[in-house]
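Chemist: Take a look at this one; I'll ask things after.
Values quoted throughout were computed directly from the atomic coordinates according to the rules given, and no laboratory measurement underlies them. As the structure is a prediction and not an experimental result, all values here were calculated from the model. Glycine gets a Cβ as well: all are built from the backbone with ideal geometry, and neighbour counts include every protein chain shown.
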Number of protein chains: 2
Amino acid sequence: MKRHTWQREAVREALGTTEGFVSAQALHARLRDSGSSVGLATVYRALADLAVEGDADSLQQEGESLYRACTPGSHHHHLICRRCGTTVEIAADPVEQWAHEVAAQNGFTRPDHVVDIFGYCVDCSKAL
Amino acid sequence: MKRHTWQREAVREALGTTEGFVSAQALHARLRDSGSSVGLATVYRALADLAVEGDADSLQQEGESLYRACTPGSHHHHLICRRCGTTVEIAADPVEQWAHEVAAQNGFTRPDHVVDIFGYCVDCSKAL
DNA sequence: AGCGTTTTTGACAATCATTCTCGATAAGGG
DNA sequence: CCCTTATCGAGAATGATTGTCAAAAACGCT
């Protein structure tokens, strides 16, 4: 059975109060700075669990996994600022359908997809 | 200036005769088995170069980078079999446009995107 | 509240892909 | 053929992530 611990709650909360994607390392550092004593391994475990349960989205960038809290249960994609990490959740209904069609046309079953858009957000566009 | 070496050519060719995505490690192993003496670091360097030059596509999966030869110069996406790695290049014009629009609507500039569809190919669907 | 069972934790070691280092090697131009 | 300079290769170094295992803490039960 799954147990409820203050560590997991701390990770969940830290992730929730974060703008954009964070790495496990960064989140651990932040927790430590806030006086928490969670272990690094625990943060990794908690994030992996959150991702499995659908309470967090994850993506790989430059060899590390980044996580972000997300509205649970809803399927969506992201628009991510390459510079500051700010993230906007976007619906992509037309793309969902397109993905299904393309998969079917090629005889593929159980299609799943990765759709993310990277760019520079308003502020960062100015700053360049 | 960029020099032409048999090592780079070997990597390029090995990649070209590969169905689906391969990891640098796997490609190196294959080259070694074929009697080649290329070093692992060289394979990594060659693949990174090919990706930059647009002669190879890359994607990250489970913490490792996978590469695949691709039709140079053309922008496209992939439909990848989760089980055997077979890959189909797909055009996604409607998605390209959609990505641009969504980015613009949110004030993002220089949009780039990652669009990949995973599933089970015809053969693997039967095998399950 | 007290107990026992079982999951979770955390410090550290271990792993694994990738990158760096640096002397040796070889491409290409002249 | 020679010289300059990019590239190679072997192994060390790095850095994120995962495994190990004894100690700590949840939860169900009484």
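Chemist: Where is the GNM fluctuation largest for chain B (alpha-carbon springs, 10 angstrom cutoff): B:GLY20, B:GLY73, B:GLY107?
Modeler: The residue with the greatest mean-square fluctuation here is B:GLY107.
Chemist: Something else: With θ set to phi - 60° and the Karplus curve 6.51 cos²θ - 1.76 cosθ + 1.60, what are the ³J(HN,Hα) couplings of the stretch A:36-41 in order, to the nearest whole Hz, using x for Gly and Pro?
Modeler: For the stretch A:36-41, the Karplus curve yields 6, 10, 4, x, 4, 4 Hz.
Chemist: What distance in nm separates the two pseudo spin-label positions at B:SER34 and B:ASP112, each 7 Å out from Cα along the beta-carbon direction?
Modeler: Taking the two extended label points, one gets 2.9 nm.
Chemist: Suppose every K and R has +1 on its Cβ and every D and E has -1 on its Cβ; what is the size of the dipole of the stretch B:4-49 about the Cα centre, in Debye to the nearest 20?
Modeler: Details: 5 positive and 5 negative charges, 26 e Å.
My answer is approximately 120 debye.
Chemist: Could you sort A:4-14, B:43-53 so that the peptide with the highest average Cβ count within 10 Å comes first and the rest follow in order?
Modeler: Sorting A:4-14, B:43-53 by mean packing, highest first, produces B:43-53, A:4-14.
Chemist: Please work out the Kirkwood hydrodynamic radius for the protein assembly as shown, using every pair of different C-alpha atoms, and report it in angstroms with one decimal place.
Modeler: It works out to 20.4 Å.
Chemist: While we're looking at this one, here's another question. Hey, fewest Cβ within 10 Å first, where do B:HIS100, A:HIS75 land in order? If you can, show how the numbers build up before the last one.
Modeler: Details: B:HIS100 15, A:HIS75 12.
With the sparsest Cβ surroundings first, the list reads A:HIS75, B:HIS100.
Chemist: Stick to the Cα atoms of the stretch A:50-128, pair each with every other, and give me the Kirkwood hydrodynamic radius in Å at one decimal. Could you put the intermediate results ahead of the total?
Modeler: Values: mean 1/r = 0.0698 Å⁻¹.
About 14.3 Å for the stretch A:50-128.
Chemist: Between the label point of B:GLY73 and that of the same position in each other copy, find the distances and list them shortest first in nm, with every label point placed 7 Å from Cα along the Cα-to-C-beta direction.
Modeler: Here B:GLY73 shows inter-copy label distances of 5.1 nm.
Chemist: Quote the relative contact order of chain A in percent (integer), defining contacts as alpha-carbon pairs under 8 Å separated by 6+ residues. Let's see the in-between values first.
Modeler: Values: 146 pairs, mean separation 27.4, N = 128.
Relative contact order comes out at 21 percent.
Chemist: Let me spell out the model: positive unit charges on the Cβ of Lys and Arg, negative unit charges on the Cβ of Asp and Glu, origin at the Cα centre of the protein assembly as shown. What dipole size does that give, in debye rounded to 20?
Modeler: Working: 24 positive and 34 negative charges, 179 e Å.
My answer is approximately 860 debye.
Chemist: Just the C-alpha atoms of the stretch A:30-85: what Rg/Rh do they give, with Rh taken as the Kirkwood radius? Provide the component values of the computation, followed by the final result.
Modeler: On the way: Rg = 12.8 Å, Rh = 12.8 Å.
Taking Rg over the Kirkwood Rh, I get 1.00.
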